[in-house]
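Below is a structure I'd like to ask you about.
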Amino acid sequence: MINSILNVSEQLFQFISCKIYSLFMLMIIHLMGISIGKGSAFYGWTKFKHGNKGIIRIGNDCTFRSKHTSNLIGINRPCILSSIGADGSNLVVGNGCGFSGTVIGCFQEIIIGDNVKCGANTLITDSDWHLDDPRAGKPAPVNIGNNVWLGVNVTVLKGVSIGENTVIGANSLVVKDIPANVIAAGNPCKVLKKIESISFAN
Ligand SMILES: CC(C)(COP(=O)(O)OP(=O)(O)OC[C@H]1O[C@@H](n2cnc3c(N)ncnc32)[C@H](O)[C@@H]1OP(=O)(O)O)[C@@H](O)C(=O)NCCC(=O)NCCS
């Protein structure tokens with residue numbers, strides 16, 4: 001009985017706080033000149049940053065979970081999306097994507113398809129970041145296909161494409177392309193097996 005009351009109160013609290021955060025986040029996003037479709041939900045503050053030539057475009061119905069308690073998987077930081085390439089950078093997120101404490105750092109081009117699930121504390125970047133350091137490589141585009149699912153703590157580094165429907169296992173470090181319709185995992189991330197058949201409700 002007490003458990004049910006606690007569960008309902010928590011759901012109600014999450015619902016109301018999401019509505020309030022979403023309202024303010026959408027105002028901030030529009031003021032920043034970032035393009036976002038309809039129906040996105042924000043749990044806690046997501047940080048967006050773009051440079052003068054940096055573009056961020058987000059589709060419809062995406063969810064950004066930044067508060068530690070906004071799900072049960074153990075989010076340990078807010079979502080941060082940046083598009084900060086000095087010569088222009090293009091960060092595009094499709095429809096129906098979900099992010100939990102996900103950091104996306106774009107210096108050139110990152111394209112994320114539709115219905116991509118990014119587990120807790122995932123990192124996607126097309127750059128080594130310390131661009132003035134001679135040991136750093138050049139930024140290279142990242143492409144993540146429709147319906148890809150990144151497990152918790154996955155890191156996707158520069159120049160990588162992940163084909164549609166593919167699952168990347170928890171804690172993987174993706175440094176090379178991964179094809180469509182496979183389960184892949186590890187450091188470095190490699191294909192474990194093919195997904196023989198898959199159907200999505202949508
Ligand atoms: C990738 C995953 C979906 C695969 O699940 P599965 O199909 O049931 O795979 P299995 O458990 O049968 O493992 C198959 C093989 O892959 C290996 N493997 C599985 N997940 C792995 C991982 N994350 N890293 C390294 N190896 C992994 C297993 O050790 C096993 O190796 P073996 O064949 O040499 O014994 C799952 O292991 C995973 O990582 N899930 C995490 C999802 C997640 O983070 N969810 C949180 C919310 S987003």
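It is to be established whether one or more residues within region 89-99 are more than 18 Å from residue 148 (Cβ to Cβ) and either at pLDDT 95 or above or of a type outside the set (Asp, Glu) (or both).
yes
Another question, if that's okay. Report whether or not residue 74 is more than 18 Å from the chain's Cα centre (by Cα), surrounded by fewer than 22 Cβ atoms within 10 Å (Cβ to Cβ) and more than 23 Å from residue 161 (Cβ to Cβ).
Criteria not met by residue 74.
Here are some residues: 74, 151. Which one is over 23 Å from residue 28 (Cβ atoms), touching a helix residue (DSSP H, G or I) at 6+ places or on another chain (Cβ under 9 Å) and in contact (Cβ under 8 Å) with a residue 24 or more places away in the chain?
Testing whether each residue is over 23 Å from residue 28 (Cβ atoms), touching a helix residue (DSSP H, G or I) at 6+ places or on another chain (Cβ under 9 Å) and in contact (Cβ under 8 Å) with a residue 24 or more places away in the chain leaves just 74.
Suppose we keep only residues that are buried (at least 22 other Cβ atoms within 10 Å of the Cβ) and within 13 Å of the ligand (Cβ to nearest atom) within region 121-161. Which one would you say is farthest from residue 67 (Cα to Cα)?
Looking at the filtered set, the residue picked out is 148.
Give the number of residues within region 162-189 that are near the ligand (Cβ under 9 Å from one of its atoms), in contact with a strand residue (DSSP E or B) (Cβ under 7 Å, 6 or more places away or on another chain) and more than 19 Å from residue 115 (Cα to Cα).
4
Tell me which residues, restricted to region 170-180, are crowded, with 17+ Cβ neighbours inside 10 Å and either among the polar types (S, T, N, Q) or over 15 Å from the mean Cα position of the chain (by Cα) (or both).
Residues satisfying the conditions are 172, 178.
For residue 37, state whether it is touching a strand residue (DSSP E or B) at 6+ places or on another chain (Cβ under 9 Å), within 26 Å of residue 140 (Cβ to Cβ) and either basic (Lys, Arg) or surrounded by 13 or more Cβ atoms within 10 Å (Cβ to Cβ) (or both).
no
Would you be able to say whether some residue in region 82-91 is under 17 Å from the mean Cα position of the chain (by Cα), in a loop (DSSP other than H, G, I, E, B) and in contact (Cβ under 8 Å) with a residue 12 or more places away in the chain?
Yes - at least one qualifying residue is present in region 82-91.
The values are calculated or read from the model by the stated rules, or taken from the named source; none is laboratory data. Predicted, not measured: the structure shown is a model, and the values here were computed from it. Every residue, glycine among them, receives a Cβ derived from its backbone with ideal geometry; neighbour counts consider all protein chains shown.
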